Amino acid sequence: MRAIEDARLGFSDIWPALLAAIPIGMLFGALAAGKGLSPLETFLMSVLVFAGGAQFAAIELWAQPAPVWTIVFSTLLINARHILMSASLAPKLTGFGPGQKLAALYYMADENWALAEKRARTRRLSLAYWLGMTVPFVLGWLTSSTIGVTVGAALGDPRRLGADFAFTALFIALVAAFWKGRVTAWTVAAAGIASALTYKIAGPPWHVAAGAICGLLAAWLAAGDEQQPATEGAQP
């Protein structure tokens, strides 16, 4: 019964993000159709890669012949954040076997990582909770991206409908869930400004690395400033 309850809680936590990801998946599918990918190719890409940002980057760079090394480098740069995310989450997957842990981290996305970290603050992160949260999210991405490539030609460019903003809106919601006052404000501001300036000057994918580095540096500096008064007031 505990496992069923944990799975139900996982689904109740993920369903808003799942709904928000549906137009993003359809947008990706429509863009893939515009680049000549078939529904099967798009579906397999979503299964094997399962990384929205990396998939969008690959589609933007897609050409005939495909610039393989450019795509590999771009997606590696974009997904480098998963190294830190996995390092943070892995110690909290205490009830997972080695294979289960690897599978869980393989299908880790920004959304289920954020929710898992939030839950781990107050409760044990169980396998049932992870499955209840992750399985529907993965299936939703596979379904919506496949539907998007199927109907993409009929819809035309989905960006003219504003569907591309769903990606931004989802990340705004994730940041809001982890808001910690001044430290978060400085981190978001530094990452956003650095990313925007680098995108204008150097273009993708360098803006991703610039935003990540500046965000980490700002978080470290802001957190250090908050801890300093306590350190200065401590008695030897």
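Quick notes on this one:
- Residues in the range 36-60 that are part of a loop (DSSP other than H, G, I, E, B) and either of a type in the set (Asp, Glu) or buried (at least 17 other Cβ atoms within 10 Å of the Cβ) (or both): 37, 50, 51.
- Elements of type helices (runs of 4 or more DSSP H) contained in the range 61-143, each with 2 or more residues being of a type in the set (Ser, Thr, Tyr): 68-78, 81-89
- Residue satisfying all of: in the range 112-170; among the acidic types (Asp, Glu) and at pLDDT below 85; surrounded by the most Cβ atoms within 10 Å (Cβ to Cβ) among these: 164
- With respect to the conditions (1) modelled with pLDDT of 65 or more; (2) closer than 26 Å to residue 71 by Cα; (3) assigned to a loop (DSSP other than H, G, I, E, B), residue 195 falls short on a single one, namely (3).
- Qualifying residue in the range 69-79 (condition: under 22 Å from residue 213 (Cα atoms), at pLDDT below 80 and not β-branched (Val, Ile, Thr)): yes
- Positions within the range 57-74 being touching a helix residue (DSSP H, G or I) at 6+ places or on another chain (Cβ under 7 Å) and without any contact (Cβ under 8 Å) to a residue 60 or more places away in the chain, in sequence order: 58, 59, 61, 67, 70, 71
- Residues located in the range 1-42, provided they are within 26 Å of residue 116 (Cβ to Cβ) and more than 18 Å from the chain's Cα centre (by Cα): 1, 2, 3, 4, 5, 6, 7, 8, 9, 12
The values are calculated or read from the model by the stated rules, or taken from the named source; none is laboratory data. Since the model is a prediction, treat every value here as computed from it, not as a measurement. Don't worry about glycine lacking a Cβ; one is built from the backbone with ideal geometry, like all the others, and counts go over all protein chains shown.
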